[in-house]
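Asks: Once you've had a glance at the structure underneath, I'll fire off some questions.
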Amino acid sequence: MAENSQEILKYIQGDFSPTELQAFEERLQKDNDLKRELQMHQEIIEEFENHINKGKGISSLEKVHSERIKSKFFENVEVENSSFSKKNVMKIAASIVLVLSTIFFIYQIPSNEDTLVKNFASEIPKENLSEQINRILEGSGIIANSEALEKLSIGLNHYNKKEFKEAIPNFKFYLSQEENEINASFYLAVSLIQVGNREEGITYLKEIIKHPENTLSGKAAVILAGNYILLKEKDKAQSIVNIYITNPYLEETVLKKLKELHHILED
């Protein structure tokens with residue numbers, strides 16, 4: 001049973017060589033007990049991951065342990081093979097505690113501050129479509145042509161539906177006509193970060209925060225500082241926070257976030 005647990009952990013982590021992987025998967029096809037044991041490990045680990053993703057930190061391990069390991073979950077397991085006894089099921093329960101402990105260190109569970117920074121770095125500020133378009137048009141140096149406006153509207157609709165990959169080319173088309181428009185650049189920057197193109201997104205955010213009078217610049221500062229912290233560039237993050245925390249144009253909610261980042265950076 002212990003050997004099974006070790007093999008299952010290697011399988012879940014992807015540590016098998018191609019030969020070992022083939023042998024293990026062949027066993028899975030023939031051994032219902034092993035298949036069920038793997039299923040139970042995966043169910044527990046998935047629940048554990050869900051707690052991590054919800055920012056529950058170290059309490060994840062305790063919560064999953066109490067909800068599953070100490071519950072009747074393992075007593076009520078239905079198995080196809082009668083040789084898979086209750087005694088073996090409880091051995092699996094004990095082995096999963098060890099697996100969870102290993103996964104705990106693999107995932108490097110974030111603290112509340114880490115979660116906060118990640119949330120700020122991946123923020124998706126949003127208003128209704130008409131407000132977004134009006135803001136952008138007011139910031140334009142010239143009146144955009146109808147094709148550019150159509151692309152802008154399409155891009156914002158995708159953005160508001162969190163369809164960031166589809167939004168990006170439409171924002172870029174609009175900015176090819178209105179290259180200095182700060183507000184459209186903001187929505188493009190957020191979209192780029194959401195699809196994993198952090199470097200390009202940061203380039204746009206750096207330009208946006210040069211305009212502290214713009215209402216979106218404070219939100220850009222929060223997102224940019226959060227990303228710099230994630231990139232371990234705390235000096236850059238600190239510089240942005242120090243400058244923007246005294247910005248008289250800031251909304252109260254943005255100021256609160258900057259103060260939280262300031263506190264994190266001082267620790």
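The values are calculated or read from the model by the stated rules, or taken from the named source; none is laboratory data. Values in this document were obtained by computation on a predicted structure and should not be read as measured data. Don't worry about glycine lacking a Cβ; one is built from the backbone with ideal geometry, like all the others, and counts go over all protein chains shown.
Asks: Can you tell me which residues in region 254-267 are touching a Lys or Arg at 6+ places or on another chain (Cβ under 9 Å) and of a type outside the set (A, V, I, L, M, F, W, C)?
Replies: Result: LYS257, single match.
Asks: Any residue in region 201-230 that's at negative phi: show its pairings with residues that are surrounded by 21 or more Cβ atoms within 10 Å (Cβ to Cβ) and part of a loop (DSSP other than H, G, I, E, B) at Cβ separation under 8 Å, as long as the two are six or more apart or on different chains.
Replies: Pairs that qualify, where the first residue is at negative phi and the partner is surrounded by 21 or more Cβ atoms within 10 Å (Cβ to Cβ) and part of a loop (DSSP other than H, G, I, E, B), are ILE208/LEU216; SER217/ILE209; GLY218/LEU250; ALA220/ILE209; ALA221/ILE209; LEU224/ILE209.
Asks: With the structure loaded, tell me whether SER191 is small (Gly, Ala, Ser), at pLDDT 90 or above and either surrounded by fewer than 16 Cβ atoms within 10 Å (Cβ to Cβ) or farther than 22 Å from ILE168 by Cβ (or both) or whether it fails that test. First the steps, then the outcome.
Replies: On the way: small (Gly, Ala, Ser): yes; at pLDDT 90 or above: yes; either surrounded by fewer than 16 Cβ atoms within 10 Å (Cβ to Cβ) or farther than 22 Å from ILE168 by Cβ (or both): no.
No.
Asks: Can you work out which of the residues in region 153-178 that are in contact with a Gly (Cβ under 9 Å, 6 or more places away or on another chain) and at pLDDT below 90 is nearest to SER122 (Cα to Cα)?
Replies: Among those residues, the one meeting the criterion is TYR174.
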